[in-house]
Amino acid sequence: MTTTATAARGTGAGDEGGTPRRPPGHDPGPGRAGRVRSRLYRWDVRYSPYAFVAPFFLFFAAFGLFPLLYTGWASLHRVELAAPDDMRWVGLRNYTRLLDDDFFWNALGNTFTIGVLSTVPQLLMALGLAHLLHYRLRAANFWRVALLTPYATSVAAATLVFVLLYGRDYGMVNWALGAVGIDAVDWQSGTWTSQFAVSSIVIWRWTGYNALIYLAAMQAVPDDRYESAALDGASRWQQFRHVTVPALRPTILFTIVVSTIGATQLFGEPLLFGGAGGQKGGASHQFQTLGLYLYEQGWFSFHLGRACAVAWTMFLILLLIAAVNATLARRLRKSH
Amino acid sequence: MRGSTGTYRRRAVVLGAVAALAGLLGGCARDGGTAASGTGGGGSGKTTITIGTFGVFGYKQAGLYAEYERLHPDVTIKESVIERNDAYYPQLLTHLAAGGGLADIQAVEVANINEVATTLSGKFEDLSKAAGVRRSDWLDWKWQQATDRKGRTVGLGTDIGPIAVCYRKDLFKKAGLPTDREAVGRLWAGDWQKYIDTGQAYKKRAPAGTVFTDSAAGVYNASIHAYPERYYDRRGKAIYADSPAVKASWDLAVQASRGGLTARLKQFEKPWDQAYANARFATVACPPWMLGYIKEKAGAAGKDKWDVAAAPRPANWGGSFIGVPKAARHKAEAVRLAVWLTAPAQQAKLFDRQASIPSTPSSYDMPQVRDARHPYFGGAPTGRIFAAAAKNIPTLVIGPDEQQIGTAFTDIGLLQIDQQGRSPRAAWKATQKEIENAVDE
């Protein structure tokens, strides 16, 4: 989604001007020099920004746009990893086969449920935490930094720890459950338990990050709104609901979009949670996401063409989500 | 080096995952990586031969590189290692296709050798006619596996994986079973069914908190690798849906799982490692490369508790090859090094350090193998046990999608029965569906 937006903007940047250069020849006269200088100045103002953003777009074209388009082209072929140059045209077959591919629909469903399981609690908790942090607290900076530490941890390290925590035989979660008299749970084997476990890793990593974004937005809300709400007799909770949340609406929308993109592309957490052969996402593919299915197709079964088709389908799903989001956002704006 | 399922030299999940991601990125970016780091060692006119491997081949640890460099002062050897074959092999494929980023010598695992010897054979040098190579040095079936229809040999055999059974003497004693390795071997000699029967006997008097074996998939792998035709027949036809080998091995594994003989673990995962440390199971099917793994995971507490007995039937699980890509920079030097590394004398030295069983039978009579005893396993004569198993291994027929098919049985079907409690019938159907989706192009 972001890619198309940037690509559209990128087309305008094709004719970026060079850096202004002094014309050859020495100072031809005060009047002319002034004109030249002012023209250079105008060019500088008008074109320099394009020169400054150009490196990004050049890199984007090479490492973003080209792979995107080539993936689309490859998805219309039968390509195997053993011979990537041997491409045989199959038209839309890689896409039509996805329609009755149970593994694909299972992965799509898992991506959705894990997405909901992780995003909804994550954003609600982030909002709550941001609200708490917004109060005057002792050691406010400490709490803020602490919130961000999970985000700064690598996926691999975090997931490894979670795998140990959720272990069936020797895991700490089951040990704690046992202490209160609950039988051990085989977290990885169950559909809901495994999806819950994967979601909890996502929640753990991203809640703090979103909380800080909310906190920044909260600090931008003028104090007088709270004062007048307090004068009207609004309680803290009412202030939160009727002042804070409406003021945060654009920020909330932003975090929803970003989290949705992240959830659609979820890959590292379930892969590592699955351990050896994690690309399958469990014995019954109970936590195989679209990202994992793509990886399994391309790098385990070696069917690059089919993997490309999954990649493009994911891309189209994101476009769809973006369109729905944009419509919702427009509705929201109109209603205010 | 690994068999048709799973990777057996994984040391840590994290490392593996990092390697997997590195492999993914490497594959996309077609990077040269360390493997391509060119000619000349510091401008001294030396040739740098690069060798790309996965897991732990042990050449470096056994001092073979250093020895070769002493013999050839104008050569330096650089090894680049990727932890897991399932990250290593896809990267090798992309590098072969791109014709760049290749090491001068590339390792290939047995599960992938068929694909390399058929579809990719044109991209590798024919080593059968290289100077110093004697076909008769190798086990015949090992040589065949890396040879294409035209008789070109694209890889020289390194190690093989003859299977034994590792067992805990302390648990066997408590369960009233014999503990002497000869007597234990006799318990199940000739038939894996007897191994399951021994498991039933163990269960009746099992020490608290222990079971007979680690996993249904482990039983399946040990059994299936004894059959010449498993997933493909000799004509190359896929027979995974009704091959007798698969059916018999599947039934054994189901019996083990349903009979409560397994610890319901998945091999090469953290809980499996922890189970070693906690003495959770009494036996495990045990190719030579497993000995080091057990020693590491069971630790000092397991010393002299474990021992090695002969398996019911001779079988091969894992093993590798090394080949020289046509696009290699120093082909002639690389071929010389590959030939030297796989010669019987060097394979024997490697066994001494790494317990990798040579694929060259003449090594078996060399002192490093013949007289080898493993101190951790109660001084078991591992060299003789594995060499005896190696001599009777049948010629295994290997097909192109060996790895995907094997994994579907062990990581999908049998895991569903073992861990998720699904019925064997449903799990079988799921396995077949999994394979159809994986092999369909």
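Some notes on this structure:
- Residue selected from the stretch A:267-290 under the condition among the small types (G, A, S), more than 7 Å from chain B (Cβ to nearest Cβ) and in contact (Cβ under 8 Å) with a residue 60 or more places away in the chain, by the criterion farthest from B:W272 (Cα to Cα): A:G268
To keep it simple, each residue is scored yes or no on (1) open to solvent by 30 Å² or more (accessible area, probe 1.4 Å); (2) among the charged types (D, E, K, R); (3) modelled with pLDDT under 95.
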site	(1), (2), (3)
A:V245	yes, no, yes
A:L248	no, no, yes
A:F254	yes, no, yes
A:I261	yes, no, yes
A:F267	yes, no, no
A:G277	no, no, yes
A:F287	no, no, no
A:L292	no, no, no
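- Residues satisfying the stated conditions in the stretch A:149-186, i.e. open to solvent by less than 60 Å² (accessible area, probe 1.4 Å), more than 23 Å from B:A279 (Cβ to Cβ) and away from chain B (no Cβ under 14 Å): A:P150, A:A176, A:L177
- Within the stretch A:92-114, if we keep just the residues that are in contact (Cβ under 8 Å) with a residue 60 or more places away in the chain and either among the hydrophobic types (A, V, I, L, M, F, W, C) or not in a helix (DSSP H, G or I) (or both), the residue that is farthest from the other protein chains (Cβ to nearest Cβ) turns out to be A:I114.
- Among (1) modelled with pLDDT of 90 or more; (2) touching a strand residue (DSSP E or B) at 6+ places or on another chain (Cβ under 7 Å); (3) away from chain A (no Cβ under 14 Å) - the single one B:F57 does not satisfy: (1)
- Qualifying residue in the stretch A:103-125 (condition: over 22 Å from the mean Cα position of the chain (by Cα) and surrounded by fewer than 17 Cβ atoms within 10 Å (Cβ to Cβ)): no
- Any pair with Cβ under 6 angstrom, 6 or more apart, that starts in the stretch B:319-340 at a residue that is farther than 15 Å from B:A146 by Cα and assigned by TED's automatic domain parsing to the domain that holds B:W143 and ends at one that is open to solvent by less than 20 Å² (accessible area, probe 1.4 Å) and part of a helix (DSSP H, G or I): B:A328/B:A334
- Residue within the stretch A:301-320 that is open to solvent by less than 20 Å² (accessible area, probe 1.4 Å) and closer than 22 Å to B:A217 by Cβ present: yes
- Enumeration of residues in the stretch A:188-206 that are open to solvent by 10 Å² or more (accessible area, probe 1.4 Å) and closer than 14 Å to A:T149 by Cα: A:V202, A:I203, A:W204, A:R205, A:W206
- Output for the stretch B:411-441, where each listed residue is within 24 Å of B:N85 (Cα to Cα) and within 9 Å of chain A (Cβ to nearest Cβ): B:D411, B:I412, B:G413, B:L414, B:L415, B:E434, B:N437, B:A438, B:V439, B:D440, B:E441
- Residue match in the stretch A:29-43 (condition: open to solvent by less than 40 Å² (accessible area, probe 1.4 Å) and not in a helix (DSSP H, G or I)): yes
- Total residues in the stretch B:274-302 satisfying the condition of being under 23 Å from B:H225 (Cβ atoms), more than 10 Å from chain A (Cβ to nearest Cβ), in a helix (DSSP H, G or I) and of a type outside the set (V, I, T): the figure is 9.
- Residues that are without any contact (Cβ under 8 Å) to a residue 24 or more places away in the chain and either more than 11 Å from every other protein chain (Cβ to nearest Cβ) or open to solvent by 50 Å² or more (accessible area, probe 1.4 Å) (or both), drawn from the stretch A:77-91: A:D85, A:D86, A:R88, A:W89, A:G91
- Filter result for A:R331 (open to solvent by 20 Å² or more (accessible area, probe 1.4 Å) and either among the basic types (K, R) or without any contact (Cβ under 8 Å) to a residue 12 or more places away in the chain (or both)): yes
- Applying the criterion of being closer than 17 Å to A:A307 by Cβ and within 14 Å of another protein chain (Cβ to nearest Cβ) to the residues of the stretch A:44-74, the residue that is surrounded by the most Cβ atoms within 10 Å (Cβ to Cβ) is A:A74.
- Residue satisfying all of: in the stretch B:356-371; of a type in the set (G, A, S) and crowded, with 20+ Cβ neighbours inside 10 Å; nearest to B:L64 (Cα to Cα) among these: B:S356
- Number of the condition not met by A:A13 [criteria: (1) open to solvent by 50 Å² or more (accessible area, probe 1.4 Å); (2) at pLDDT below 85; (3) among the aliphatic types (A, V, I, L, M)]: (1)
- Pairs where the first residue, in the stretch B:291-302, is at positive phi and the second is open to solvent by 10 Å² or more (accessible area, probe 1.4 Å), C-beta under 8 Å, 6+ apart: B:G299/B:A277
- B:G383 touching a helix residue (DSSP H, G or I) at 6+ places or on another chain (Cβ under 6 Å) and more than 26 Å from B:A298 (Cα to Cα): no
- Exclusive hit being touching a strand residue (DSSP E or B) at 6+ places or on another chain (Cβ under 8 Å), open to solvent by 50 Å² or more (accessible area, probe 1.4 Å) and closer than 27 Å to B:D304 by Cα, set B:K194, B:K203, B:K173, B:K169: B:K203
- Given (1) open to solvent by less than 10 Å² (accessible area, probe 1.4 Å); (2) in the same structural domain as B:A189 (by TED's automatic domain parsing); (3) closer than 23 Å to B:W272 by Cα; (4) touching a residue at least 24 places away in the same chain (Cβ under 8 Å), number of the condition B:I412 does not satisfy: (4)
- Annotation note: of A:V53, A:V79, the sole residue that is in a helix (DSSP H, G or I), among the β-branched types (V, I, T) and at pLDDT 90 or above is A:V53.
- Yes/no for A:F254 being in contact with a His (Cβ under 8 Å, 6 or more places away or on another chain), of a type in the set (F, W, Y) and more than 30 Å from B:F268 (Cβ to Cβ): no
The values are calculated or read from the model by the stated rules, or taken from the named source; none is laboratory data. Keep in mind it's a predicted model, so treat the numbers as computed, not measured. As a convention, Cβ positions derive from the backbone with ideal geometry for all residues, glycine included, and neighbour counts pool all protein chains shown. We work out accessible area using only protein heavy atoms, side chains counted, and drop any ligands, DNA or RNA first. Shrake-Rupley method; radii C 1.70, N 1.55, O 1.52, S 1.80 Å.
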